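Worksheet: the structure to be examined is printed underneath.
The values are calculated or read from the model by the stated rules, or taken from the named source; none is laboratory data. This structure is a prediction, so every number in the text was calculated from the model and none was measured. In this analysis, Cβ positions are derived from the backbone assuming ideal geometry, glycine residues included, and neighbour counts consider all displayed protein chains. For the accessible areas, the whole protein counts, side chains as well, though only heavy atoms, and no ligand, DNA or RNA atoms are used. Shrake-Rupley method; radii C 1.70, N 1.55, O 1.52, S 1.80 Å.
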Amino acid sequence: MEYEAVIGLETHIQLNTASKIFCSCKADSWNAAPNTNICPVCTGMPGVLPVLNRRVVEKGTLLAAAMHADLQPVSFFDRKNYFYPDLPKGYQISQYDRSLAKGGYMDVPQADGTLRRVTIWKLHMEEDAGKTKNDLISGSRRIDFNRCGVPLIEMVTGPDLRSADEAANYLTRLRQLLRWIGVSEADMEKGHLRCDANVSLRRKGETILNTKTEIKNVNSIEAVRTAIVKEIDRQSRAYEHGERIEAWTLEWDEDSQTLKKMRSKETEADYRYFREPDLLPVYLTDEWRAAILQDFPELPLARRARFMAGYGLPEYDAELLTAERSLSDYFEKAVQAYGGEAKRVSNWLMNDVLRMLNDSGKTTAQLALTPAYLADIIKLVEAGTINTNTGKGLLEKVNASGKSPEEIVRAEGLAKVSDDGAIRAVVEQVLAESPGEVAAYRGGKVGLIGFFTGQVMKKMQGKADAQKARALLEEMLR
Ligand code: ZN
Ligand code: MN
């Protein structure tokens, strides 16, 4: 029997605001000692009142716009009631039936070149809860409230994904998008982007939705992929044996790479949602909304398509250059300064500048090698003023000194030596120093030309016109 997987993802996205959603505690307390980033509001002391952080609405609005969702002029906060030790108020402030945005979708490119449209069923603002930790030595449970009140957007997709790879692709694109529009650091290891996956199977061609299971505690894109593969496998074997799938909640155990049954699922009604009486409705006026979306950027997929259509870049280049917004901005600035074929800039960027970035751990904004300087270096090479080798070395020199390429070429005398006489003198010297290789070359080992050229370049500090050196070597070896 051929089965098809039906997967929906529920994500919690930590917004990168300075403070928490309803109090002035810092939003990010990664690495902070437990219970050091808390106050009476986020720990739910009696008598306190929450005050909404407007930045949360702004970042939520940016995200909703990026997901093509319908922004609501009025939305409400609700109480989601449940008892759990890490939730000191006994309820989470969330949004239920009147949330910030409705609908929306994201198109996700798949490996075969097609797009998978993933619909968005829910997009709302809410606060995070604390964290419980089992102390294995004392056998006690410890609670850290630092995360209480951290601003989140909960986003739930429709059951539109059909494989573990598609789910992983969605998360990869979502992470890219969140960083691109600047609303979240989206670091899964730090819990900035958390994901639960709903998985069910059906026979290929059917449109019904069968009972699903929910996978929790998957903290990396790879873990999501592996956990879904395993769950699809478990369910298909169960169906083959005529067993029923029950609506379990499964916890992913990273150490053993297995899924464990946590509990049978609650339903929404268990939460007794009702309007939060301590907060006013959120009025997203036309003016405010326009101000938030005023500098809304071109999104990664659109830019990727434009890089291919407008600059004639191969898909590989366009994909790499739009991985991060800052890199794609850098590329476009360099192309403008260069004025020639964009693919040349892409080659220099992907081969050399990306390596510099990776080696140094810097961002493009921190590079002393500006897009204009990169363009200058490419132009110097193309004009024949310096050779390619010198140009590559120049990237590092410009970046280390912040000086312009022309200045360094002048100061260090890096201009290419094309003068026949100067190269010929060095060629003679090299041939005189290597009688064995010369004999071997003349005996038929013509591959040695590379060795001779290398020697000449070395003696001339890489500044010789390599083609000329090679031609002279061949001539004299004959
Ligand atoms: Zn607080
Ligand atoms: Mn939630």
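Give, as residue ranges, the strands (runs of 3 or more DSSP E) completely inside segment 129-207 that count at least 1 residues that are open to solvent by 10 Å² or more (accessible area, probe 1.4 Å) and within 16 Å of ligand 1 (Cβ to nearest atom).
On the way: elements: 131-134, 141-144, 151-157, 193-203.
The qualifying strands (runs of 3 or more DSSP E) are 131-134, 141-144.
Here's the yes/no breakdown for (1) under 19 Å from Leu327 (Cα atoms); (2) at pLDDT below 90; (3) open to solvent by less than 30 Å² (accessible area, probe 1.4 Å); (4) touching a His at 6+ places or on another chain (Cβ under 6 Å):
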| site | (1), (2), (3), (4) |
| --- | --- |
| Thr370 | yes, no, no, no |
| Tyr373 | yes, no, no, no |
| Ile377 | yes, no, yes, no |
| Glu382 | no, no, no, no |
| Asn389 | no, yes, no, no |
| Glu396 | yes, no, no, no |
| Ala400 | no, no, no, no |
| Pro405 | no, no, yes, no |
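So Gly113 ticks every box in (1) within 16 Å of ligand 1 (Cβ to nearest atom); (2) open to solvent by 10 Å² or more (accessible area, probe 1.4 Å) but one. Which box is left unticked?
(1)
For segment 45-61, indicate whether the set of residues that are buried (at least 17 other Cβ atoms within 10 Å of the Cβ) and within 16 Å of ligand 2 (Cβ to nearest atom) is non-empty.
yes
Pull up segment 8-40, narrow it to residues that are away from ligand 2 (no atom under 16 Å from the Cβ) and of a type in the set (Gly, Ala, Ser), then point me to the one that is most open to solvent (accessible area, probe 1.4 Å). Spell out how you get there, then give the answer.
Taking segment 8-40 first, the residues away from ligand 2 (no atom under 16 Å from the Cβ) are 16-19, 23-40.
So of that shortlist, the ones also of a type in the set (Gly, Ala, Ser) come out as 18-19, 24, 27, 29, 32-33.
Working: Ala18: 88, Ser19: 33, Ser24: 108, Ala27: 2, Ser29: 20, Ala32: 42, Ala33: 57 Å².
Looking at residues that are away from ligand 2 (no atom under 16 Å from the Cβ) and of a type in the set (Gly, Ala, Ser), I get Ser24.
Filter segment 24-56 for residues that are among the polar types (S, T, N, Q) and farther than 17 Å from Asp86 by Cβ; which is nearest to the chain's Cα centre (by Cα)? Quick ask: steps written out before the conclusion?
Kept after step one, since they are among the polar types (S, T, N, Q), are these residues of segment 24-56: 24, 29, 31, 35-37, 43, 53.
Those left that are additionally farther than 17 Å from Asp86 by Cβ: 24, 31, 53.
On the way: Ser24: 29, Asn31: 22, Asn53: 26 Å.
That would be Asn31.
Looking at segment 75-107 only, could you name the residues that are open to solvent by 30 Å² or more (accessible area, probe 1.4 Å), away from ligand 1 (no atom under 16 Å from the Cβ) and in a loop (DSSP other than H, G, I, E, B)?
Once the filter is applied, which keeps residues that are open to solvent by 30 Å² or more (accessible area, probe 1.4 Å), away from ligand 1 (no atom under 16 Å from the Cβ) and in a loop (DSSP other than H, G, I, E, B), segment 75-107 yields Phe76, Tyr82, Phe83, Tyr84, Pro85, Tyr96, Asp97, Arg98, Gly103.
Of (1) within 16 Å of ligand 1 (Cβ to nearest atom); (2) free of Cβ contacts under 8 Å to residues at least 24 places away in the same chain, Arg54 satisfies all except one. Which?
Failed condition: (1).
Does Ser256 satisfy being within 27 Å of Asn169 (Cα to Cα), of a type in the set (Gly, Ala, Ser) and in a helix (DSSP H, G or I)?
Working: within 27 Å of Asn169 (Cα to Cα): yes; of a type in the set (Gly, Ala, Ser): yes; in a helix (DSSP H, G or I): no.
It is false that Ser256 is within 27 Å of Asn169 (Cα to Cα), of a type in the set (Gly, Ala, Ser) and in a helix (DSSP H, G or I).
Here is a list of conditions, (1) away from ligand 1 (no atom under 16 Å from the Cβ); (2) in a loop (DSSP other than H, G, I, E, B); (3) hydroxyl-bearing (Ser, Thr, Tyr), and Thr43 meets all of them except one; can you say which number that is?
(1)
Of all the residues that make up segment 19-40, how many are in a loop (DSSP other than H, G, I, E, B) and within 9 Å of ligand 1 (Cβ to nearest atom)?
Quick first cut of segment 19-40, residues in a loop (DSSP other than H, G, I, E, B) only: 20-25, 27-40.
From the residues that got through so far, the ones that are within 9 Å of ligand 1 (Cβ to nearest atom) too are 20, 22-25, 37-40.
Summing the residues that are in a loop (DSSP other than H, G, I, E, B) and within 9 Å of ligand 1 (Cβ to nearest atom) in segment 19-40 gives 9.
Using the structure shown, decide if Ile93 is touching a residue at least 40 places away in the same chain (Cβ under 8 Å), more than 16 Å from ligand 2 (Cβ to nearest atom) and closer than 25 Å to Lys190 by Cα.
On the way: touching a residue at least 40 places away in the same chain (Cβ under 8 Å): yes; more than 16 Å from ligand 2 (Cβ to nearest atom): no; closer than 25 Å to Lys190 by Cα: yes.
Answer is no for this residue.
For the list (1) at pLDDT 90 or above; (2) at positive phi, I need the number of the one condition that Glu222 fails.
(2)
Enumerate the helices (runs of 4 or more DSSP H) found wholly within segment 382-478, keeping only those where 3 or more residues are in the same structural domain as Met356 (by TED's automatic domain parsing) and touching a residue at least 60 places away in the same chain (Cβ under 8 Å).
Values: elements: 388-401, 405-412, 420-433, 435-442, 449-459, 466-477.
Qualifying helices (runs of 4 or more DSSP H): 388-401.
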